[in-house]
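The values are calculated or read from the model by the stated rules, or taken from the named source; none is laboratory data. This one's a predicted model, so the numbers in the text were calculated from it and none came from an experiment. Using ideal geometry, Cβ is built from the backbone for each residue, glycine included, and neighbour counts are taken over all protein chains shown. All accessible areas refer to the heavy atoms of the entire protein, side chains included, with ligands and DNA or RNA removed. Shrake-Rupley method; radii C 1.70, N 1.55, O 1.52, S 1.80 Å.
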Amino acid sequence: MRTKIYMLIICLAAPFLTVSAQEINLAHGWKFRIGDSSAWALPPYNDSGWKTADVSKTWEQQGYPQTDGFGWYRVHQLIPSSLKEKAFLKDSLHFDLGYLDDGGEVYLNGKLVYKNWKTGDIKSGLYGPGSFSVSVNDPALHWDEENVIAVRLFDTGGNGGVYGDKFDIKMTDVMDNVTISTDGDFYYGEKSLGKAIKLKATGGNYNYAGRLSFKVTDPETDTIVYQKTNPANFTAHRPFTYTFTIARLDKKSYRITYTFTDEHSGKQISKTEGTPYILTPYVKAKPRINGPDVFGERPGNPFLYRIPATGQKPLVYKADGLPSGLTLDAATGIISGVADTKGDYAVAFTVSNKLGSSTKKFTIKIGELIGLTPALGWNSWNAWGLTVNDQKVRTSANAMADKLSAHGWMYINIDDGWEAANRNANGEILTNAKFPDMKGLTDYVHSLGLRMGIYSSPGPKTCGGYLGSWQHEGQDAKTYGDWGIDYLKYDWCSYSEVTSSRPTLDDMKKPYQLMRASLDKVHRDILFSFCQYGMGDVWNWGGQVGGNSWRTTGDIEDTWKSMSTIGFSQDKTAEGAKPGHFNDPDMLVVGKVGWGDSQHNTRLTPDEQYTHISLWSLLSSPLLIGCDMGHLDPFTLSLLTNDEVLAIDQDALGREARQTAKKDDYQVWTKELEDGSKAVGIFNTSDKYQLIKLNKADAGLGGYTKVRDVWQQKYLITAAGEFVTKVPPHGVVLVRVSK
Ligand code: GLA
């Protein structure tokens, strides 16, 4: 009966259905319910009593707060054979079902056709696109009839559900098997910029033959500054490489468009990327001391701080006024030892080389408060996901020591995936084969003057399905202490299975209080980073429960939508930030990311990356690099080593920026700094160049006469009452204003 009604609607709508004749929009008609039953996969099951699901939203966003665990979604859909008849390739039907958060299984008329987990079970499934193909001959596919698509889902914690922008069914197109791979690095010549890109077929036997057009556009004027077309042929076995060199033009990002046209099918595929441009000035040969102005450690615990300094090597370090118990290695700048006496110590660091010397006043606070400024470090997750191992951590530590520690970067944090499947007979946590010697690894990281972080969950299992600390909190804290760990990220995940299904504020605090008490028994300063995705407005209480930082959101992705939605929604959290306690809008997505073994260049444009680093610094966020540190290209390195930008993040006042203007196409965020100056980020949220004009009095900047462009590290000449600046699409101008 239902089938016939659908047929009728399709016939009536036929004259204007040319697009939908080739593509079925699946964004509507979904139903869902919480729970789990294998019967819900089967077509005859009657789901008419289920709730209507809005698949543009997570469970939580549609009014089901803290819904974790199992749930199912179902939709009934006619699939007309005209789709197949009109297609150029007639091999398979492609389904896009938004994102599955976290573990997901898709059933077509009762048959499992897709799952996002490989080992274990659905609980180890990882958040990702619900995108898959089904052969046109698959008996599960009922052409010209109603099909029931059912999704079984397991959400480990935080936001969950089946949701996203893209819900459709269409025949696999000849271009669906083609990727334009732009993941190579840009080559920087003295006056030129170059790159090799690849056209690849990911499957099938088709011979692609046609042309590749390469176009460089100035986004400010929308004019094409360079254009070239080349023949291009490739197959699944033989990729096509195109290498180009263009003159480096002005200091801004140009838009490159690569378009391949296949002659036989007439189909096209395009990809666009922005050219990187570096604003951070070159590091000077004269010594300069970077990093924060203040550092806290608890009395009686091991002290470790590497004085961050740039300049031509060799550098010689000196520190006057160190608390007793601490010593400095003059050749490496590493301060270590144990200080027993509480107090604020005014220290003077001096760093010299053959070109001169530089001195900086610094305060060492020996007391109970640690993590006085947001952590600067690396975390394995956004780069390596569960494939992290000892070697990857060492590579990152070496890169941090060589290239970043001179700018204040300090933490090397292992995320999920280090834990063994079982505890030992005494109940102690063990590492898996990827980490043969955690103590040895930690010693190595410490020898570089860096600090080491680790990850666990208060639940029985972590989000990646590894062992959590449930009922072993004291033991795990002790093990971390024995290994020499300095930072713990504690991720809610399966804790939802062992607490109330509607946790109260007390329920939410409890696991963090328990681990805090356990960490306090260890004679090390272990920064405590909560990861519970902002539940219960954690920014209002995370500090009281002993958090040094707390995630305020779900997981970030390397897209403008994800980064900007997270970053620009933090105003509500601002009051929570203070020295020792910071909001964490999640880790950075610049450089090569991948959440697993294969890496890709971040999908953020260069200007979006400037926005990301500027905004996170204004927000006093922990800056945790999430990329493959073995492959830091010059642009990414320039983003992470701008000392004046980092100084905004590391400002000792510990305030968070407030949103001081929000218009349709731009926003202004302003942060109070310790010396009385203000950092101001003017963000263009539109996709066009804009001239943004701030009336200084309206922007709370009346009387602030000096305006310094922080990325370029130079003063700007501005008119008295206003500040006018050109801001690229999705980009930023970050200034520091003073009187
Ligand atoms: C959650 C966290 C991520 C990461 C993974 C590990 O998704 O939010 O940052 O730690 O778990 O499984």
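The residues listed here are Gly481, Gly440; of these, the one that is within 29 Å of Asp507 (Cα to Cα), out of contact with any Leu (no Cβ under 7 Å at 6 or more places or on another chain), away from the ligand (no atom under 12 Å from the Cβ) and among the small types (Gly, Ala, Ser) is Gly481. Residue pairs whose Cβ atoms lie under 6 Å apart, sitting 6 or more positions apart in sequence or on different chains, and linking a residue in the range 521-541 that is within 12 Å of the ligand (Cβ to nearest atom) to a partner that is acidic (Asp, Glu) and open to solvent by less than 20 Å² (accessible area, probe 1.4 Å), are Cys531/Asp491.
Each row is one residue, and each column tells you yes or no for (1) modelled with pLDDT of 95 or more; (2) within 24 Å of His730 (Cα to Cα); (3) in contact with a Cys (Cβ under 6 Å, 6 or more places away or on another chain).
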| position | (1), (2), (3) |
| --- | --- |
| Ile169 | yes, no, no |
| Thr172 | no, no, no |
| Glu190 | no, no, no |
| Val216 | yes, yes, no |
| Gln227 | yes, no, no |
| Asn230 | yes, no, no |
| Asn233 | yes, no, no |
| Ala236 | no, no, no |
| Lys251 | no, yes, no |
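Within the range 117-134, track down each residue that is open to solvent by less than 20 Å² (accessible area, probe 1.4 Å) and more than 16 Å from the ligand (Cβ to nearest atom). Correct list: Gly130, Phe132, Val134. On inspection, Gly377 does not qualify as within 16 Å of the ligand (Cβ to nearest atom), surrounded by fewer than 24 Cβ atoms within 10 Å (Cβ to Cβ) and under 21 Å from Ser529 (Cα atoms).
Is it the case that the range 150-161 has a residue that's out of contact with any Ser or Thr (no Cβ under 8 Å at 6 or more places or on another chain), more than 15 Å from the ligand (Cβ to nearest atom) and of a type outside the set (A, V, I, L, M, F, W, C)? Looking through the range 150-161, at least one residue is out of contact with any Ser or Thr (no Cβ under 8 Å at 6 or more places or on another chain), more than 15 Å from the ligand (Cβ to nearest atom) and of a type outside the set (A, V, I, L, M, F, W, C).
Being more than 22 Å from the chain's Cα centre (by Cα) and assigned to a loop (DSSP other than H, G, I, E, B): is that true of Asp664 here?
On the way: more than 22 Å from the chain's Cα centre (by Cα): yes; assigned to a loop (DSSP other than H, G, I, E, B): yes.
Yes: the conditions hold for Asp664.
Checked against (1) out of contact with any Asp or Glu (no Cβ under 7 Å at 6 or more places or on another chain); (2) open to solvent by 50 Å² or more (accessible area, probe 1.4 Å), Val225 passes all but a single condition, namely (1).
The lone criterion from (1) over 23 Å from the mean Cα position of the chain (by Cα); (2) open to solvent by 60 Å² or more (accessible area, probe 1.4 Å) left unmet by Thr725 is number (2).
Yes/no per residue for (1) farther than 27 Å from Lys86 by Cβ; (2) not assigned by TED's automatic domain parsing to the domain that holds Lys215:
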site	(1), (2)
Lys123	yes, yes
Pro129	no, yes
Phe132	no, yes
Gly164	no, yes
Asp168	no, yes
Gly184	yes, no
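It is to be established whether one or more residues within the range 333-343 are assigned to a loop (DSSP other than H, G, I, E, B) and open to solvent by less than 70 Å² (accessible area, probe 1.4 Å).
Applying the first criterion (assigned to a loop (DSSP other than H, G, I, E, B)) to the range 333-343 yields 333, 339-342.
Filter again for open to solvent by less than 70 Å² (accessible area, probe 1.4 Å), leaving 333, 339.
So far as the range 333-343 goes, yes, one or more of its residues are assigned to a loop (DSSP other than H, G, I, E, B) and open to solvent by less than 70 Å² (accessible area, probe 1.4 Å).
Name the residue that is modelled with the lowest pLDDT, counting only residues in the range 34-74 that are assigned to a loop (DSSP other than H, G, I, E, B) and of a type in the set (Val, Ile, Thr).
First, pick out the residues of the range 34-74 that are assigned to a loop (DSSP other than H, G, I, E, B): 35-37, 42-50, 53-59, 63-68.
Checking the rest, the ones that are also of a type in the set (Val, Ile, Thr) come to 55, 58, 67.
On the way: Val55: 95, Thr58: 88, Thr67: 70.
Ranking the qualifying residues of the range 34-74, first place goes to Thr67.
Which one of Phe154, Phe214, Phe167 is buried (at least 17 other Cβ atoms within 10 Å of the Cβ), closer than 20 Å to Phe244 by Cα and of a type outside the set (D, E, K, R)? Before the answer, list the steps.
Values: Phe154 fails: closer than 20 Å to Phe244 by Cα; Phe167 fails: closer than 20 Å to Phe244 by Cα.
The conditions single out Phe214.
Select from the range 381-415 the residues that are farther than 16 Å from Cys627 by Cβ and within 16 Å of the ligand (Cβ to nearest atom) and write down the one among them that is surrounded by the fewest Cβ atoms within 10 Å (Cβ to Cβ). Within the range 381-415, the match that is surrounded by the fewest Cβ atoms within 10 Å (Cβ to Cβ) is Asn389.
Residues in the range 585-603 that are away from the ligand (no atom under 16 Å from the Cβ) and open to solvent by 10 Å² or more (accessible area, probe 1.4 Å): Lys592, Ser598, Gln599, His600, Asn601, Thr602, Arg603.
Only one of these conditions is not met by Gly296: (1) among the small types (Gly, Ala, Ser); (2) touching a residue at least 60 places away in the same chain (Cβ under 8 Å); (3) open to solvent by 20 Å² or more (accessible area, probe 1.4 Å); (4) touching a strand residue (DSSP E or B) at 6+ places or on another chain (Cβ under 9 Å). Which number is it? Just one mismatch for Gly296, condition (3).
Residue-level check: of (1) part of a loop (DSSP other than H, G, I, E, B); (2) over 20 Å from Asp525 (Cα atoms); (3) polar (S, T, N, Q), Ser324 misses just (2).
Being of a type in the set (S, T, N, Q) and free of Cβ contacts under 8 Å to residues at least 60 places away in the same chain holds for only one residue in Ser133, Ser124, and it is Ser133. Of all residues in the range 610-630, exactly one satisfies the criterion of being open to solvent by 10 Å² or more (accessible area, probe 1.4 Å) and in a helix (DSSP H, G or I), namely Gly630.
Of everything in the range 563-584 that is within 15 Å of the ligand (Cβ to nearest atom) and under 19 Å from Ile682 (Cα atoms), the residue that is least open to solvent (accessible area, probe 1.4 Å) is Met563. For the structure I just gave you, tell me whether Thr221 is at pLDDT 95 or above and out of contact with any strand residue (DSSP E or B) (no Cβ under 9 Å at 6 or more places or on another chain). So Thr221 fits the description; yes.
With respect to Leu355, determine if the residue is more than 22 Å from the chain's Cα centre (by Cα) and surrounded by fewer than 18 Cβ atoms within 10 Å (Cβ to Cβ). Answer is yes for this residue.
The number of residues in the range 229-249 being open to solvent by 60 Å² or more (accessible area, probe 1.4 Å), without any contact (Cβ under 8 Å) to a residue 40 or more places away in the chain and closer than 18 Å to Ser181 by Cα comes to 5. Here the condition is being within 16 Å of the ligand (Cβ to nearest atom), assigned by TED's automatic domain parsing to the domain that holds Ile429 and surrounded by fewer than 24 Cβ atoms within 10 Å (Cβ to Cβ); of Lys489, Lys461, it holds for Lys461 alone.
Conditions (1) touching a Phe, Trp or Tyr at 6+ places or on another chain (Cβ under 7 Å); (2) hydrophobic (A, V, I, L, M, F, W, C), marked per residue:
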| residue | (1), (2) |
| --- | --- |
| Asp537 | no, no |
| Gly547 | yes, no |
| Thr552 | yes, no |
| Thr559 | no, no |
| Phe568 | no, yes |
| Ala577 | no, yes |
| Asp586 | no, no |
| Gln599 | no, no |
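Residue pairs whose Cβ atoms lie under 8 Å apart, separated by 6 or more positions or on different chains, with the first residue in the range 488-513 and under 22 Å from Glu419 (Cβ atoms) and of a type outside the set (A, V, I, L, M) and the second open to solvent by 50 Å² or more (accessible area, probe 1.4 Å) and more than 16 Å from the ligand (Cβ to nearest atom), are Thr499/Lys510. Being closer than 24 Å to Ser598 by Cα and more than 16 Å from the ligand (Cβ to nearest atom) holds for only one residue in Tyr114, Tyr99, and it is Tyr114.
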